[in-house]
Structure formats: C-alpha cells, structure tokens
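Enquirer: This structure is in structure tokens; I'll ask about it shortly.
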Amino acid sequence: MRRRISALVLTAVMAGTGAALVTAPTAQAASFTCDIAQLRHDAAVLKQEAARQKRAGQREAARRTLAKSDALYHRAQQCEDLDRNTSHHF
C-alpha cells in the first residue's frame, strides 16, 4: 500500500496535478451516500439466487453469490452504523 501511494504521488507530481490529488479524496468522501433499504434488498435477492444455485448443484457459483450477498449486507450495516454515529451533535 505504501509503495502504491508513493507511486501515485510521484506520477501526479510529474503530471503537475499534485493539488488535485490532495483535495480529491476529501471531496469524494463527503459526497458518498448509500440506500440502506436497497442494499439489504439486493442482499436478500442475491441470497435467494445463491439458494437456487445450490439446489441446482452449482455450489461454486452459489458460494460466490452468497459472498456478494454478505458483502452487501455488511455494507448496509456499515452505512447504518455510520448514520447512527454521525447523527449525534456534540
């Protein structure tokens, strides 16, 4: 990771976009939104698809589909936790 970042910085400096590289990640992080209900719905659909694939004997495809479903569910949980923790005012 450290080598990749330094290579990106070196490439950006050589291209003359050092300032854009520094300010871009904060702008992207601020504009990210997620629809928790949609993520959970998509996870449920994928879970049903994995069950269908498993019944059809496609165990490897079912495993991959279930992994995608779990990833969506965890992302929804992260978004929900983020909403819950950032809504408090100090």
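Quick note: the coordinates plus some simple rules give every number you see, no bench work behind them. Given the structure is predicted, the values throughout are model-derived calculations rather than measurements. Virtual Cβ from ideal backbone geometry, glycine too; neighbours counted across all protein chains shown.
Enquirer: Please state, rounded to one decimal and in Å, the Kirkwood hydrodynamic radius that segment 34-90 gives when every pair of distinct Cα atoms enters the mean of 1/r.
Expert: Kirkwood hydrodynamic radius for segment 34-90: 12.2 Å.
Enquirer: Sticking with this one: Taking 22 Å as R0, compute the FRET efficiency from the Cβ-Cβ separation of Arg64 and Ala44 and round it to 0.05.
Expert: 0.85
Enquirer: If you don't mind, there's one more thing I want to ask. What FRET efficiency comes out for Arg52 versus Asp81 if R0 is 25 angstrom and r is the Cβ-Cβ distance? Round to the nearest 0.05.
Expert: 0.25
Enquirer: Treating only the Cβ of Lys, Arg, Asp and Glu as charged (+1, +1, -1, -1), what charge dipole size does segment 34-90 show about its Cα centre? Round to the nearest 20 debye.
Expert: That gives a dipole near 480 debye.
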